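Student: This structure is in structure tokens; I'll ask about it shortly.
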Amino acid sequence: MNAEQARQVDAVLRQLGIPGVVGPEDPENASGPWRVYDTADAATRRETTADALAAVAAKFPEEKPGSGPMRGFVIPPKDE
């Protein structure tokens with residue numbers, strides 16, 4: 001993810017109460033790719049991007065088809 005996407009991910013993690021620190025892979029290059037880490041300390045941090053994404057997905061379980069309201073259109077035949 002880039003810096004702008006990282007800001008959005010950081011906001012979502014905070015809103016959902018999911019732990020993680022979003023930062024660039026290379027602390028000296030903020031324009032490079034970003035990841036989610038367990039701590040802000042670049043020397044001891046561990047990447048947790050996959051865990052953070054799984055935690056976000058768990059907050060929004062999949063709905064089974066037919067389990068809720070659905071939208072659609074009914075188009076009557078032309079001969080009526």
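The values are calculated or read from the model by the stated rules, or taken from the named source; none is laboratory data. Model, not experiment: these values are computed from the prediction. In this analysis, Cβ positions are derived from the backbone assuming ideal geometry, glycine residues included, and neighbour counts consider all displayed protein chains.
Student: Anything in region 21-57 that is among the small types (Gly, Ala, Ser) and either modelled with pLDDT of 95 or more or assigned to a strand (DSSP E or B) (or both)? List them, or say none.
Tutor: Result: GLY23, single match.
Student: Which residue pairs have Cβ atoms closer than 6 Å, lie 6 or more positions apart in sequence or on different chains, and pair a first residue in region 51-62 that is closer than 11 Å to VAL12 by Cβ with a second residue that is of a type outside the set (A, V, I, L, M, F, W, C) and in a loop (DSSP other than H, G, I, E, B)?
Tutor: Pairs found: ALA52/GLY20.
Student: Quick check on my filter: what residues within region 23-40 are free of Cβ contacts under 8 Å to residues at least 12 places away in the same chain and surrounded by 11 or more Cβ atoms within 10 Å (Cβ to Cβ)?
Tutor: Hits for region 23-40 are GLU25, ASP26, GLY32.
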